[in-house]
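Structure first, commentary second.
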């Protein structure tokens, strides 16, 4: 009996997939089909897969072509599978010619011509072409535009800014470059906003009123009244209003949350989060400009993320200590939270540099995420006995931005928010802390 094996994602299974499977089956007597797992697809840069692993497996099974279906989960598995299943022929589409020649050492390799005129990528793109406009004065917009290239079904419609000095040449050559927000909204389905937080309310309100979805760098607003008004408009118009916190979308961060919540370190007693940077101030001789974010807005939301996601938003006490170098511009801030059964602290700085680590302490052990923890692809679970320690590694591409874009697009398609990553309650809690800073509630300020 001649055994044949092939692999694929099989997202939105179409005639081209079926034809390829039929031809693979014709090469032998028994066909094994490997369906790639979600994590493996992420590692390969396929971040816009529409269907779950089980949906894709069922789609392949329903064709009746495969004699056996397996899951591909890791790099190098093809060699293991060929040996394990005593495979005679490995086959894949001709767009991979040469890529798998190394498998000739273990079996015969056959590249099959693909069916012309149809692909899952084209189907995904046609299904959800979303035009996103960029708003603000930040080099983050350069990264967002670059990462959008990895996601099917999205195009950047233009950029609206009061200061184009932050942008690279590619952004200045977008179809529309303007300082008129209404003009950008007229050619966009959604906007990504990374302007100064003091501008968020008016810009988000304008976008929602125009019927556009909004992805905004956190904090969404700097007052609770403004936040509630924006949420009300978004709900009435059935639009998405979502925090842009790329860390929340990274694989390592999400796996870490799941592990901690499963009890691997026991009951959580403390969360300590540090986020600092100097680059903005260094470029301006240590002085903030009109477009420079202060510490509590630039780093506060990221630092608060693991605290609110692990301990919740119902703390019983809070204290803020800030050191200011200009009015409302903190070069360094420390916030302490007290919960009924735990404590938490964060340190954020735009004028002070520190080790940007995250430590989550529990009754059985602790989690250590090294600097910069908000970009982590690695963390450790540590115990009293070092022999029990475990290390976890996950690939992080594009600092999580591409995963954030995919989530935003899927939420638009399905008419659901991104609350599986950041809830409205967590977003509101961030705004509450930021508002407290500006209003001086539970705040000790020192001018330096």
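Tell me what the chain gives for mean residue ellipticity at 222 nm when only DSSP H runs of n ≥ 4 count, each as -39,500 (n - 2.57), the sum divided by the residue total, rounded to 500 deg cm²/dmol.
Rounded to the nearest 500, it is -9500 deg cm²/dmol.
Percent relative contact order of the chain, based on C-alpha pairs within less than 8 angstrom and at least six residues apart?
13
In nm², what is the average projected area of the convex hull enclosing the Cα atoms of segment 128-244?
Average projection, Cα convex hull of segment 128-244: 6.5 nm².
For residue 423 and residue 131 in one chain, what is 0.36 nm times their gap in residues minus the Cα-Cα distance, to one decimal in nm?
Net length gain for the segment: 102.7 nm.
Please work out the C-alpha center-to-center distance from segment 199-259 to segment 76-102 and express it in whole Å.
First find each Cα centre; the distance between them is then 45 Å.
Classify segment 216-295 from the C-alpha gyration tensor, please: rounded if a/c falls under 1.5, else prolate or oblate depending on whether a/b exceeds b/c.
Because a/c hits 1.5 or more and a/b fails to exceed b/c, segment 216-295 counts as oblate.
Semi-axes of the equivalent ellipsoid for segment 3-113, please: Cα gyration tensor eigenvalues, times 5, square-rooted, ordered largest first, whole Å.
20, 16, 13
For 227, 446, what's the fewest-to-most ordering of other Cβ within 10 Å of each Cβ?
The fewest-first ordering by Cβ neighbours comes to 446, 227.
By the gyration tensor of its Cα atoms, with a ≥ b ≥ c the square roots of the eigenvalues, what is the shape of segment 312-448: rounded for a/c under 1.5, prolate for a/b over b/c, or oblate?
oblate
Which order do 307, 359 fall in if you start with the one that has the fewest other Cβ atoms within 10 Å?
Ascending number of Cβ neighbours within 10 Å: 359, 307.
For segment 3-113, what is the relative contact order in percent, using Cα pairs closer than 8 Å and at least 6 residues apart in sequence?
Reported as a whole number, the value is 32 percent.
Across 20 Å bins from 0, what is the distribution of all Cα-Cα pair distances for the chain, in whole percents?
Going from the shortest bin to the longest, the percentages are 22, 49, 25, 3, 0.
Fewest first, what order do 138, 273, 94 take by the number of other Cβ atoms within 10 Å?
Fewest to most other Cβ atoms nearby, the residues stand as 94, 138, 273.
Every number in this text was worked out from the coordinates using simple rules, so none of it is lab data. This structure is a prediction, so every number in the text was calculated from the model and none was measured. Positions of Cβ are generated from backbone atoms using ideal geometry, with glycine treated the same way; all protein chains shown enter the neighbour counts.
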